[in-house]
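K.L.:
Dropping a structure here in structure tokens format, bear with me for questions.
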Amino acid sequence: MAEELFSGLNPAQRRAVETISGPVLVLAGPGSGKTRVLTHRIAYLIREAGVDPYSILAVTFTNKAAREMKERLTTLVGPGEAQALTVGTFHSLCARFLRRDIIHLGRERDFAIYDSDDQERLMRRVFRELNLDEKKNPPRVIRARISSAKNELVSPGEFARLNHTYPDEIAARCYEHYQKLLRESNALDFDDLLVEMVHIFELFPEVLEKYQNRYAYLLVDEYQDTNRVQYTLVRQLAGTQRNLFAVGDEDQSVYAFRGADIRNIRQFEQDYPDSQVILLEQNYRSTQAILDTAQALIAGGGTRTHVKKLWTQNGAGTQVSLHEGYDQDEEASFVADEITRLVASGDCSYRGCAVMYRINAQSRALEEALGRRRIPYQIVGGTRFYERKEIKDVLAYLRLIYNPYDSVSLGRVLNWPGRGIGERSESELFRWATELGVPVFQALRELESDTPSPFAARSKTTLLSFLALIDEFIAARAVLPLIELIDMILTRLDVREALVKDYDAEEAQDRWRNVQELRNVATEYRNLPIEGQLPIYLEEIALVAEVDKMDGKADAVTCITLHQAKGLEYPAVFLVGLEEGLLPHSRSSDNREKVEEERRLLYVGMTRARQRLYLCYAFRRLSFGRMSISTPTRFLSDIPKELIKQPKKRGTTMTPQTSMFTGRSGHGGAPPRSPASAGVRPPRSAAPTEVSFFVGQPVRHATFGEGVVKSSRLVDGDEEVTVSFADRDRKLLASFARLERI
């Protein structure tokens, strides 16, 4: 019977399954079969060691992982035994425990659990009752501070004692009142589910003893992602019998922004001196070429408690490819073209391809490139670019300017950014328009006359002010180019300030970056007649959005952020935007620990690939409305050049001095310079079978002036050169254009 459970397990996996007593730390490299080890160990406990499934507790990182574990165990041990197991996330398990034991804290068992929206509404009530200015103290920022405090098990009283500045005092008052209102409502937020369970275990030892006696065996997945309160819960539950089986990988710890503490896994052996450590190093997912590249990357970082040497029997595989795009659009076009090639050749399906990036704003160029080529795709774990709230809000103004009778757009922006038009006034406006039998915008016009209306003087003044603003935008549309019209809207509405008020600093910055990306798209319409720019822009955006509406089960390319990609795998993976400022992110560049987490994030992305891995960056990138030269990420310098298929440098002779692949350790020093900026790109020798102009080459035309080459290709015996001039891009034939190389 035991041999059946061990079938297909390698020696390290088998050792992990059989080691059932005492604390065990399994350091599982990516693709090393940790889920198989977890499920087979539980099956071994039940079928071979005679352990009652009622006494086994397994903690997973997601509800999806919990469901999959239960399904696998149903096959391995049968539905009855699987049903007796306790499997779930920290939050789901604590909610279940609190339904029984929260009465020890003087609380009712029928407590409500507040989600994010509930919490935000409650925090706004806190602000009203404390008479606080939301503009000076954004509620979301305060709520984030409270959440962080709870994750560190800091109570309202302790928070007040530890923090002494005026903003801290405001946060402390909000924290105390927030908890008071939660209690009055008999409600817990997500953080409270864990915190209150810790409190019960601390204050009522007999309750803790009950759980310790019941759960003789505790298994915890993704241990590297535990925060302080989760770590405390594990220590409490494993306190007496100490049969703790923790599975994780310090090389894949990427959730510090959620409170995860990498020290929890690094200090496991200090916490449990008698623990056994088992390394899972055989990889079942990737080729050796991908593993060698990923291991070179992660080895360039700081000290690791245990170094894993990943290996596979999947063969050497295809060499990892590096690609430099001229800008983010050419980078996206390369990805789309390569996916088309892979699918056409039968090497991969659309479903087997994934494109991964650091921030959501990077998806815009990708979505458009895939849409133009009619490649089906899906945005996973996030909102599609043109469906993000801040994008839809700005687009709603543009749609209203183009068609003032668009009542959906009018309703969306009537009170965005906030101008004091409440839900009651909005409802009354729509009701009144129906009563008059006119469009909502016409109803606003009626307010300019003496027509009796249901609005008080103040509400009427506010609505007329909104009408005047829209009229101003409509008038500007007739004379301003699209890009200037958008700039006018962003300035008059003070959109950036509105985002800062509504979100914490990091989220506001990301949302503002998305708005700037929308603005960047508008630059592509600058050469059209002014009267045609806005309608064509809106039409093409609508078509892009329509491409998004696809069946989730369809054969489609996956576009996903690196954080969201953890735990997934694909035959072909494209990692884009591998540049300083994006990866590592600019917010992390001045902090060594954060830089190393960014390195681990890239490692996670690379190890999602099974057969093919593409590393992509752009020579220059448009960001916040400015085009600037990019620098390839410093992490690439830790990968020996022989592991990477070097990019075809159109017109560049790569030398050891200009190559980014120096094989250096990556500790300290300045980030590597872009090959494009590190030296002059000499043109290729003229030949009838090769192009003579290269991307990025500065040129001069007798009529159009100076420009930069965007692309070059052979067409019907001639060379077609696309050049970006000051006014617009032009396609020229080299034999006629007489381009002068600068």
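K.L.:
GluC sites (Glu not before Pro), restricted to region 99-171: which are DSSP loop and have at most 10 other Cβ atoms within 10 Å?
P.N.:
Values: sites: Glu108, Glu120, Glu129, Glu134, Glu152, Glu158, Glu169; in loops: Glu108, Glu134, Glu152.
Loop-located and lightly packed - Glu108.
K.L.:
Work out the length of the dipole vector of the chain about its Cα centre, built from +1 on the beta-carbon of each Lys and Arg and -1 on the beta-carbon of each Asp and Glu, and round it to the nearest 20 debye.
P.N.:
Numbers: 100 positive and 103 negative charges, 247 e Å.
Magnitude of the dipole: close to 1180 debye.
K.L.:
Next question, about the same structure. With Rg and the Kirkwood Rh both taken from Cα atoms, where does Rg over Rh land for region 147-280? Could the numbers behind the result be given before it?
P.N.:
Values: Rg = 17.0 Å, Rh = 16.6 Å.
Answer for region 147-280: 1.02.
K.L.:
Further, regarding this structure: Provide the per residue accessible area, probe 1.4 Å, for the chain, rounded to a whole number of square angstrom.
P.N.:
Values: 32940 Å² over 742 residues.
Each residue of the chain exposes 44 Å² on average to a 1.4 Å probe.
K.L.:
Of Pro529, His563, Pro452, which is farthest along the charge dipole of the chain in the positive direction, counting Lys and Arg as +1 and Asp and Glu as -1 at C-beta?
P.N.:
About the Cα centre, the residue reaching furthest to the positive side is His563.
K.L.:
Another one. Give me the compactness ratio for region 294-375, meaning the Cα radius of gyration over 2.2 N^0.38 Å. All intermediate terms of the calculation are to be shown ahead of the outcome.
P.N.:
Numbers: Rg = 16.4 Å, N = 82, 2.2 N^0.38 = 11.7 Å.
Computed over Cα atoms of region 294-375, the ratio equals 1.40.
K.L.:
With charges only on Cβ, +1 for K and R and -1 for D and E, what is the dipole size of region 469-538 about its Cα centre, in debye, rounded to 20?
P.N.:
Working: 8 positive and 14 negative charges, 45 e Å.
My answer is approximately 220 debye.
K.L.:
Classify region 402-473 as rounded, prolate or oblate, taking a ≥ b ≥ c as the square roots of the eigenvalues of its Cα gyration tensor: rounded when a/c is under 1.5, otherwise prolate if a/b is larger than b/c and oblate if not. List each step's numbers first, then the result.
P.N.:
Working: a/c = 1.28, a/b = 1.11, b/c = 1.15.
It is rounded, given that a/c, with a ≥ b ≥ c, falls under 1.5.
K.L.:
For a test of the definition: using alpha carbon positions, the gyration tensor, and the 1.5 limit on a/c, classify region 235-373 as rounded, prolate or oblate.
P.N.:
On the way: a/c = 2.70, a/b = 1.98, b/c = 1.36.
Taking the square roots of the gyration eigenvalues as a ≥ b ≥ c, region 235-373 is prolate.
K.L.:
Moving on to the next point. Would you please put 41-50, 311-320 in order of how densely packed they are, using the mean number of other Cβ atoms within 10 angstrom per residue and starting with the highest? If you can, show how the numbers build up before the last one.
P.N.:
Values: 41-50: 19.6, 311-320: 15.6.
Taking the mean over residues of other Cβ atoms within 10 Å, the ranking is 41-50, 311-320.
K.L.:
Still on this structure: I'd like the distance separating the alpha-carbon centroids of region 94-155 and region 290-348, in whole Å.
P.N.:
Each part's Cα centre sits 43 Å from the other's.
K.L.:
Gain in length, Lys136 to Ala316, computed as 0.36 nm per residue apart minus the alpha-carbon separation, to one decimal in nm? Walk me through the intermediate numbers first.
P.N.:
Numbers: separation 180, 0.36 × 180 = 64.80 nm, distance 5.77 nm.
Stretched fully, the Lys136-Ala316 segment lengthens by 59.0 nm.
K.L.:
Let me ask something else about it. Between Rg and the Kirkwood Rh of region 485-620, both from Cα atoms, what is the Rg to Rh ratio? Please report the intermediate quantities before stating the final value.
P.N.:
On the way: Rg = 18.5 Å, Rh = 18.2 Å.
In region 485-620, Rg relative to Rh is 1.02.
K.L.:
Let me ask something else. Based on alpha-carbon atoms only, what is the radius of gyration of region 46-192 relative to the globular estimate 2.2 N^0.38 Å? All intermediate terms of the calculation are to be shown ahead of the outcome.
P.N.:
Numbers: Rg = 19.9 Å, N = 147, 2.2 N^0.38 = 14.7 Å.
It is 1.36.
K.L.:
How would you order 228-235, 695-702 from highest to lowest mean count of nearby Cβ atoms within 10 Å? All intermediate terms of the calculation are to be shown ahead of the outcome.
P.N.:
Details: 228-235: 19.6, 695-702: 17.6.
Packing proxy ranking, top to bottom: 228-235, 695-702.
K.L.:
Hey, another quick one. Could you order the peptides 459-465, 62-68 from most to least packed, using the average number of other C-beta atoms within 10 Å per residue? Let's see the in-between values first.
P.N.:
Details: 459-465: 16.4, 62-68: 14.9.
Listed from highest to lowest mean packing, they are 459-465, 62-68.
K.L.:
In nm, give the distance between the simple-model label positions of Phe257 and Ala726, each being 7 Å from the Cα along the Cα-to-Cβ direction.
P.N.:
About 4.0 nm, to one decimal.
K.L.:
With no solvent and one point per C-alpha, what does the Debye sum give as log10 I(q)/I(0) for region 585-647 at q = 0.18, 0.20, 0.25, 0.26 Å⁻¹?
P.N.:
Per q value, in the given order, log10 I(q)/I(0) is -0.87, -1.03, -1.26, -1.28.
K.L.:
For the chain, which whole-number percentage of the solvent-accessible area (1.4 Å probe, protein heavy atoms only) is attributable to carbon and sulfur atoms?
P.N.:
Details: 16240 of 32940 Å².
It is 49 percent, rounded to a whole number.
K.L.:
Regarding region 197-237, what's the average projected area of the Cα-atom convex hull, expressed in nm²?
P.N.:
Projected over every direction and averaged, the Cα hull of region 197-237 covers 2.9 nm².
K.L.:
Same structure, new question: Report the gain in length on full extension from Glu3 to Arg587: 0.36 nm times residue separation, minus Cα-Cα distance, nm rounded to one decimal. Before the final figure, lay out each step's value.
P.N.:
Values: separation 584, 0.36 × 584 = 210.24 nm, distance 5.13 nm.
The Glu3-Arg587 span can extend by a further 205.1 nm.
K.L.:
Once the convex hull of the alpha carbons of region 200-269 is built, what does its volume come to per residue, in cubic angstrom? Before the final figure, lay out each step's value.
P.N.:
On the way: hull volume 5.8 nm³, N = 70.
Dividing the Cα hull volume of region 200-269 by its residues yields 83 Å³.
K.L.:
At 7 Å along Cα-to-Cβ for each site, give me the label-to-label distance between Ala475 and Phe204 in nm.
P.N.:
Result for the modelled spin labels: 6.9 nm.
K.L.:
Relative to 2.2 N^0.38 Å, what does the C-alpha radius of gyration of the chain come to as a ratio? Two decimals please.
P.N.:
Values: Rg = 29.5 Å, N = 742, 2.2 N^0.38 = 27.1 Å.
Relative to the 2.2 N^0.38 Å estimate, the chain comes out at 1.09.
K.L.:
With every protein chain left in place and a probe of 1.4 Å, what is the accessible surface of Val595, to the nearest 10 Å²?
P.N.:
10 Å²
K.L.:
Relative contact order for the chain: what percent, with Cα pairs under 8 Å and sequence separation of 6 or more? Walk me through the numbers on the way to the answer.
P.N.:
Details: 1176 pairs, mean separation 104.4, N = 742.
Relative contact order comes out at 14 percent.
K.L.:
Along Cα→Cβ, 7 Å out, is where each label goes; now give me the distance between the ones at Glu129 and Glu506 in nm to one decimal.
P.N.:
Spacing of the two 7 Å Cα→Cβ label points: 3.0 nm.
K.L.:
Follow-up question, since we're still on this one. Based solely on its DSSP helices, what 222 nm [θ] is calculated for the chain when runs of n ≥ 4 H residues each add -39,500 (n - 2.57) and the sum is averaged over all residues, nearest 500 deg cm²/dmol?
P.N.:
When only DSSP H runs of four or more count, the value is -14000 deg cm²/dmol.
K.L.:
With a ≥ b ≥ c the root eigenvalues of the C-alpha gyration tensor of region 457-531, is it rounded (a/c under 1.5), prolate (a/b larger than b/c) or oblate? Write down the numbers at each step before the final one.
P.N.:
Working: a/c = 4.12, a/b = 1.04, b/c = 3.97.
Oblate, since a/c reaches 1.5 and b/c is not below a/b.
K.L.:
Which whole-number percent of Cα pairs in region 319-473 have a distance greater than 24 Å? Display every interim value, and only then the final one.
P.N.:
Numbers: 6179 of 11935 pairs.
Cα-Cα pairs in region 319-473 separated by more than 24 Å: 52 percent.
The values are calculated or read from the model by the stated rules, or taken from the named source; none is laboratory data. These numbers come from a predicted model, not from an experiment. Here the Cβ is made from the backbone with ideal geometry for all residues, glycine too, and neighbour counts use every protein chain on show. Just so you know, the surface numbers come from the protein's heavy atoms only, side chains and all, with ligands and any DNA or RNA stripped out. Shrake-Rupley method; radii C 1.70, N 1.55, O 1.52, S 1.80 Å.
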